[in-house]
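S.K.: The structure follows.
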Amino acid sequence: MAVRNSSMRRLVEYIAQSLVDNPAAVQVREVRNDRQAVVLELRVAPEDYGKVIGREGRVAKALRTLMRAMGTREGRHTSLKVV
């Protein structure tokens, strides 16, 4: 299952890099990874923070929806924190 978690991390990283002006500043790391849950933490440059959150949180919600769909296939809970 580590391969899928890695692909989940890479997907979030790819999407975030596509959205921001400074893709080199994008960092995604696994905060928690156990049998029941995967928590990813997304960091971006301060000026790009609004771009990954979106209006009324729509972009962040879409990222979380993608993660939830991937996690459902594995039978695990997934979460994304934008810090």
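Every read-out reported here was derived from the displayed coordinates using simple, explicitly stated rules and does not represent laboratory data. This one's a predicted model, so the numbers in the text were calculated from it and none came from an experiment. Here the Cβ is made from the backbone with ideal geometry for all residues, glycine too, and neighbour counts use every protein chain on show.
S.K.: Pairs only if they're at least six apart or on different chains, beta carbon under 8 angstrom, first in the stretch 7-20 and free of Cβ contacts under 8 Å to residues at least 24 places away in the same chain and within 22 Å of Arg55 (Cβ to Cβ), second assigned to a helix (DSSP H, G or I) and of a type outside the set (Phe, Trp, Tyr); list them, first residue then second.
M.R.: Going by the 8 Å Cβ cut-off, the qualifying pairs are Gln17/Pro23.
S.K.: Which count do you get for residues in the stretch 14-70 that are surrounded by fewer than 14 Cβ atoms within 10 Å (Cβ to Cβ) and among the β-branched types (Val, Ile, Thr)?
M.R.: 2
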